[in-house]
Amino acid sequence: MSNITPGQIGKGADKAGGNERSTSGFVASLMDDFIRIPGTDIRLGLDPILGLFPGLGDTVTSLVGLAIINEAGRRGVSRKVLIAMALNILANAAVGSVPVVGDLFSVWFKSNRRNHDLLQKAMSAQMSPAERAKAIRHAGSFAILLIAGVILGVVLIIIGSLALLKLVIGWMSA
């Protein structure tokens, strides 16, 4: 999969084909694989770097990842695929809330790249124009509800992490 540069955003993004450059491709590259570690095949993006900032980093990366779900909803992707995308973001946020382990997980898991690939696969499915228009009508509103659910999930993960941190600090000071 080729990396997307900022100047390529939007070029061909309205096409239904599988290889056009789009916001989802840019987000996936920026967040998951635009930096290659020299001498290895390991690639990483801003996701694990921002994840080094407890709470804030994982919140920001989750919110940026929602752009792919938004694009998928606008393009008529099925509810099943939208739910899989949301679960990828929530898994990344949940594991990402664990210091160091979460950052290593982000380097391996690449939730944005997974979601971009799910979107590309879904868009390569053959649909008539009428079926695509119907799918777009239904997926758009569902994607908005799903995005709200992911935001709520990320907030709950942050609250849970803070409560756990308070509990650990209480144990250590006792």
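Quick one: Phe26 ticks every box in (1) over 11 Å from the mean Cα position of the chain (by Cα); (2) modelled with pLDDT of 95 or more; (3) over 13 Å from Asn115 (Cα atoms) bar one, so which box is it?
Failing condition for Phe26: (3).
Out of (1) among the hydroxyl-bearing types (Ser, Thr, Tyr); (2) within 24 Å of Gly57 (Cβ to Cβ); (3) modelled with pLDDT of 90 or more, the odd one out for Ser173 is which?
Unmet condition: (2).
Is it the case that the stretch 110-120 has a residue that's without any contact (Cβ under 8 Å) to a residue 12 or more places away in the chain, surrounded by fewer than 18 Cβ atoms within 10 Å (Cβ to Cβ) and among the charged types (D, E, K, R)?
Going residue by residue through the stretch 110-120, those that are without any contact (Cβ under 8 Å) to a residue 12 or more places away in the chain are none.
Within the stretch 110-120, not a single residue is without any contact (Cβ under 8 Å) to a residue 12 or more places away in the chain, surrounded by fewer than 18 Cβ atoms within 10 Å (Cβ to Cβ) and among the charged types (D, E, K, R).
Please specify each residue of the stretch 134-159 satisfying the condition of being more than 20 Å from Asn70 (Cβ to Cβ) and without any contact (Cβ under 8 Å) to a residue 40 or more places away in the chain.
Of everything in the stretch 134-159, those that are more than 20 Å from Asn70 (Cβ to Cβ) and without any contact (Cβ under 8 Å) to a residue 40 or more places away in the chain turn out to be Leu156, Ile159.
Which ones in the stretch 71-101 are polar (S, T, N, Q), modelled with pLDDT of 95 or more and within 22 Å of Ala125 (Cβ to Cβ)?
Within the stretch 71-101, the subset polar (S, T, N, Q) is 78, 88, 92, 97.
Subset that is modelled with pLDDT of 95 or more: 88, 92.
Answer for the stretch 71-101, where residues must be polar (S, T, N, Q), modelled with pLDDT of 95 or more and within 22 Å of Ala125 (Cβ to Cβ): just Asn88.
Among what's in the stretch 160-174 and is among the aliphatic types (A, V, I, L, M) and either exposed (fewer than 13 other Cβ atoms within 10 Å of the Cβ) or touching a residue at least 60 places away in the same chain (Cβ under 8 Å) (or both), pick the residue that is farthest from Ile68 (Cα to Cα).
Going through the qualifying residues, I end up with Ala174.
Looking at this structure, is Pro38 surrounded by fewer than 23 Cβ atoms within 10 Å (Cβ to Cβ), in a loop (DSSP other than H, G, I, E, B) and touching a helix residue (DSSP H, G or I) at 6+ places or on another chain (Cβ under 8 Å)?
no
Name the residues in the stretch 41-57 that are in contact (Cβ under 8 Å) with a residue 12 or more places away in the chain, within 14 Å of Val107 (Cα to Cα) and part of a loop (DSSP other than H, G, I, E, B), would you?
Ile42, Gly45, Gly51, Leu52
Just give me the residues in the stretch 60-93 being more than 9 Å from the chain's Cα centre (by Cα), farther than 14 Å from Leu118 by Cβ and surrounded by 20 or more Cβ atoms within 10 Å (Cβ to Cβ), in sequence order.
Ala93, the sole residue that qualifies.
The values are calculated or read from the model by the stated rules, or taken from the named source; none is laboratory data. Bear in mind the structure is a predicted one, so any value in this text is a computation, not a measurement. Using ideal geometry, Cβ is built from the backbone for each residue, glycine included, and neighbour counts are taken over all protein chains shown.
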